[in-house]
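A.B. asks: If you scroll down you'll find the structure; I have some questions about it.
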Amino acid sequence: MLSVLAANALGAAQQQAYGKLSVLQAPGFSTNFPIPAAGDLHKLYSPLPANDTGCEVLLKVAFSSVNPSDIHPTMAPSGHFPKPMGSDVAGTVVATAGPCKRLKQGDQVWGDIGANAQVAGSGARTKELGAYAQFATALEGQLSRIPAGMGLAEAGSLPKVALTSYKALSWYARFGSRPNGTRVLVLGGSAGTGSVAIQLAKRGFGISTNVTTTTSAANFEYVASLGADTLIDYHTSDWWSVLPDGSMDVVYDCVGESGTGDRAVAKLRAGGSYVTITGELASAELPPQTEQHMFINSDTNLASAPLLEELARLAVVGAVRMPRIDSTFSLEAMDGAFNRSSTHHAVGKISIAVPQPSRETEAAAREAWRR
Ligand SMILES: NC(=O)c1ccc[n+]([C@@H]2O[C@H](COP(=O)([O-])OP(=O)(O)OC[C@H]3O[C@@H](n4cnc5c(N)ncnc54)[C@H](OP(=O)(O)O)[C@@H]3O)[C@@H](O)[C@H]2O)c1
């Protein structure tokens, strides 16, 4: 009898997830991933950011989404397997551990747990991950409550693209100090990152702007609905040919075509910023009084809560939403989701619906978390 109970308990404390069961195994779906344990994150990663409260939460994940970097994430060479993949989470706090200041059991939260981190002790570079699972663990400082009026599917689609585009415009393109009349070019306006960037550029910083974007003609209605003023079909026109040199204050690249850096900085006027999230910086000398930046959002995602709170505030006033879910896949069908993302023609975001556990499995997950 005892052994049956033990076997049941063990079975119930496992979860459905998509990731790697061992260092050598290819990523895949399995029902045999372990439930995270309280304190794991503080044991595994060091240093943690200054805003770390010591609190970890266990989430019942409802939705996640696909970002291109989720397909082949950086993982520690050893010692961290089994490991579910995935970055974006929207779900419910089912247990907390440590001195939690902001979050409690029952809160519905969103966040991006695809954070670059260092392995405690060795300092090796790794990535936190864990969103493609029924239960995920996160630092309190990585999460905030989902915006009022937003459903879990939309909340699970937004964190990484919203954080990335907010940082691009606010930190790097210095939108907070730009005047009315700022002219912005968003390359790839129908991408997840581009969709958010158009909205933020139009309504996120309290200034009037003129936004030009590139996409296919089939997506014109969509990007215009986000607020874009001037639309360029990249199949029939080269933006670098049709836009005059020195005509933009900000160029934000969400596409990463070869040659973009040099072409983008030529479009900047004095005071202008070129920001890329795909790596294509200018190699030529920059025009006077212009700047360029490339950054990785995941480098600063162990401490995202204040930005998520600002994004939640903007979402409530309609200044940042994800109006288009390109397609929805379940955890078992992650390969299909990755294939769709790899076409680079998804519009908005690809959503991942996570199967909801039974009450018994949830209770077993809480037990496993406290072990
Ligand atoms: N540095 C970071 O921290 C960071 C964070 C997030 C994402 N990223 C990177 O940013 C890029 C965008 O990612 P994402 O998830 O937002 O979107 P995505 O899925 O890569 O973008 C798909 C969209 O891009 C459009 N597109 C494709 N080629 C285009 C072109 N030549 N010109 C204009 N639009 C084009 C497609 O529209 P059509 O169907 O019309 O072609 C489609 O709507 C990826 O390279 C991703 O890895 C970097």
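A.B. asks: Lone cysteines in the chain, going by a 4.7 Å Cβ-Cβ cut-off?
C.D. replies: Flagged as lacking a Cys partner: C254.
A.B. asks: Moving on. Calculate, in nm to one decimal, what A217 and A148 gain on full extension: separation in residues at 0.36 nm each, minus their alpha carbon distance.
C.D. replies: Gain in length upon complete extension: 21.5 nm.
A.B. asks: Could you tell me the calculated FRET efficiency between A270 and T53, based on Cβ-Cβ distance and R0 = 56 angstrom, to the nearest 0.05?
C.D. replies: Once the sixth-power term is evaluated, E becomes 0.80.
A.B. asks: If I build a Gaussian network model for the chain, linking alpha-carbon pairs within less than 10 angstrom, which residue out of G86, G259, G130 has the largest mean-square fluctuation?
C.D. replies: G259
A.B. asks: With unit charges on the beta carbon (Lys/Arg positive, Asp/Glu negative), name the residue among P147, S225, P159 whose Cα is farthest towards the positive pole of the charge dipole of the chain.
C.D. replies: Farthest along the dipole direction, towards plus: P147.
A.B. asks: Sticking with this one: Full extension from T74 to E291: what is 0.36 nm times the residue separation minus their Cα-Cα distance, to one decimal in nm?
C.D. replies: Answer, rounded to one decimal: 75.2 nm.
A.B. asks: Rounded to the nearest 0.05, what FRET efficiency is calculated for R174 and V316 with R0 set to 22 Å and r the Cβ-Cβ distance?
C.D. replies: Taking R0 as 22 Å, the efficiency between R174 and V316 is 0.35.
A.B. asks: Among the listed pairs K167/K349; K43/K349; K43/K167, which have their C-alpha atoms separated by more than 24 angstrom in this model?
C.D. replies: K43/K349; K43/K167
A.B. asks: Another one. Which order results if S241, S298 are arranged by neighbouring Cβ count within 10 Å, fewest first?
C.D. replies: Taking fewest neighbouring Cβ atoms as first place, the list is S241, S298.
A.B. asks: With a/c under 1.5 counting as rounded, go ahead and sort segment 232-316 into rounded, prolate or oblate using the C-alpha gyration tensor (a ≥ b ≥ c being the square roots of the eigenvalues; past the cut-off, prolate if a/b is larger than b/c, else oblate).
C.D. replies: Note, shape of segment 232-316 comes out prolate.
A.B. asks: Please give, to one decimal in nm, the separation of the simple spin-label points placed at A303 and S247, each 7 Å out from Cα toward the Cβ.
C.D. replies: Here the answer is 4.1 nm between the modelled labels.
A.B. asks: A further question on this structure: Using only the Cα atoms of segment 303-371, build the gyration tensor, take square roots of its eigenvalues as a ≥ b ≥ c, and label the shape rounded, prolate or oblate: rounded if a/c is under 1.5, else prolate if a/b is larger than b/c, else oblate.
C.D. replies: Since a/c reaches 1.5 but b/c is at least a/b, the shape of segment 303-371 is classed as oblate.
A.B. asks: Let me ask another. Taking only C-alpha pairs under 8 Å that are 6+ residues apart, what is the relative contact order of segment 40-126 in percent?
C.D. replies: It comes to 36 percent, rounded to a whole number.
A.B. asks: Further question: Within the set of other residues whose C-beta is less than 13 Å from the C-beta of V250, count the net charge using Lys and Arg as +1 and Asp and Glu as -1.
C.D. replies: +3
A.B. asks: Could you line up C55, C254, C100 from fewest to most neighbouring Cβ atoms inside 10 Å?
C.D. replies: Ranked by crowding around the Cβ, least crowded first: C100, C55, C254.
A.B. asks: For segment 161-297, evaluate the Debye formula with one uniform point scatterer on each Cα (no solvent term) and list log10 I(q)/I(0) at q = 0.18 Å⁻¹, rounded to two decimals.
C.D. replies: -0.92
A.B. asks: Kindly put T343, T92, T53, T276 in sequence by how many other C-beta atoms sit within 10 Å of each C-beta, fewest to most.
C.D. replies: By the 10 Å Cβ count, ascending, the order reads T343, T53, T92, T276.
A.B. asks: Express in nm, to one decimal, how much length is gained between T31 and T343 on full extension, taking 0.36 nm for each residue of separation and deducting their alpha carbon distance.
C.D. replies: 109.5 nm
A.B. asks: Among all the lysines, which ones have a C-alpha under 16 Å from K20's C-alpha, if same-chain residues fewer than 8 places away are not counted?
C.D. replies: The qualifying lysines are K83, K127.
A.B. asks: Here's a follow-up. From largest to smallest, what semi-axes in whole angstrom does the chain give when each is the square root of 5 times an eigenvalue of its alpha carbon gyration tensor?
C.D. replies: Square roots of five times the eigenvalues give 39, 20, 19 Å.
Values quoted throughout were computed directly from the atomic coordinates according to the rules given, and no laboratory measurement underlies them. Remember, predicted model here, so these are calculated numbers, not experimental data. Counting neighbours? That spans all protein chains shown, and the Cβs are built from the backbone with ideal geometry, glycine included.
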